[in-house]
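Everything on this sheet refers to the single structure shown next.
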Amino acid sequence: GLSEFMMEGSVMPVGISREKALRLLEEHIENPNMIKHCLASEAVLGALAEYLGEDREKWSMAGLLHDLDVEMTNADLNVHGRETVRVLEQQGVDPEIIEAVGLHNERSSGEKRSKPFHHALAAGETVTGLIIATALVYPDKKLASVKPKSILKRMKEKAFAAGVDRNIIMECEKLGIPLDEFCELSVKAMQGIAA
């Protein structure tokens, strides 16, 4: 209904506007590549939501905000995610978003991912790292050059982008999405915002 329209000062369906979310990122993250990772994750999560018939705005927002505390916590996996949860609770962000964001790093949350939203955020934000790493080995370093089957190939090369956890990317199967389709969907989503 009308309440969903983005009138100034109205409450967003997800509890925060994209403008406000972007401001939070700029306040908390200095590294421009980290901001790009958040934008890439937003795009991939939006595409996943659309594919699965889920709430695109909610899933996109989780992608955008999931690494808000990465610099505050020095990316320490024992605590990464907890500060983000605290900030997002203060902001009044949708509890399902906060839950998914908290669980994208199971080590600090102490709990296991159980819902499609959780698996989508973890797999989606992780595959962006593999896609970026693949783009960077092309001469033109452009996302446009990346083919989904190259990502599939790189998945099997454990030494390539070794910091990218393949097991987390494989959680796409918990969504009922085969790896090849997941790679294709993710690459296309990122190419869509490459500029």
Taking a point 7 angstrom from the Cα of residue 77 along the C-beta vector, which residues in the range 162-195 have backbone N less than 19 Å away?
162-172
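So how much slack lies between residue 147 and residue 115, counting 0.36 nm per residue of separation and subtracting their Cα-Cα distance, in nm?
Values: separation 32, 0.36 × 32 = 11.52 nm, distance 2.93 nm.
The residue 147-residue 115 span can extend by a further 8.6 nm.
Using a 1.4 Å probe on the protein heavy atoms, what percent of the accessible area of the chain belongs to carbon and sulfur? Write down the numbers at each step before the final one.
Values: 5330 of 10000 Å².
Roughly 53 percent, rounded to a whole number.
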Below 8 Å between Cα atoms, with a sequence gap of 6+, how large is the relative contact order for the chain in percent?
19
Leaving out ligands and nucleic acids, note down the accessible area per residue over the chain with a 1.4 angstrom probe, in whole Å².
51
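So if R0 is 22 Å, what FRET efficiency would residue 50 and residue 193 give, r being the distance between their Cβ atoms, rounded to the nearest 0.05? Don't jump to the answer; show the numbers that get you there.
Details: r = 14 Å, r/R0 = 0.64.
My answer for the efficiency is 0.95.
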Under a straight-distance cross-link criterion of Cα-Cα below 25 Å, which lysines are reachable from residue 115, leaving out those fewer than 8 residues away in the same chain?
58, 174, 188
List, in order, the whole-Hz ³J(HN,Hα) value for each residue of the range 164-179 obtained from phi through the Karplus relation with A = 6.51, B = -1.76, C = 1.60 and θ = phi - 60°; use x for Gly and Pro.
8, 6, 4, 4, 5, 4, 5, 5, 4, 5, 5, 8, x, 10, x, 3
Residue by residue through the range 84-97, what is 3J(HN,Hα) from phi via Karplus (6.51 cos²θ - 1.76 cosθ + 1.60, θ = phi - 60°)? Round to whole Hz and write x for glycine and proline.
4, 4, 4, 5, 5, 5, 4, 7, x, 6, 2, x, 5, 5
The range 62-101 and the range 126-195 have their Cα centres apart by a whole-number Å value of 24
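The values are calculated or read from the model by the stated rules, or taken from the named source; none is laboratory data. None of these values were measured; they are calculated from a predicted model. Glycine gets a Cβ as well: all are built from the backbone with ideal geometry, and neighbour counts include every protein chain shown. Keep in mind that these areas ignore ligands, DNA and RNA; they rest on the heavy atoms of the full protein, side chains included. Shrake-Rupley method; radii C 1.70, N 1.55, O 1.52, S 1.80 Å.
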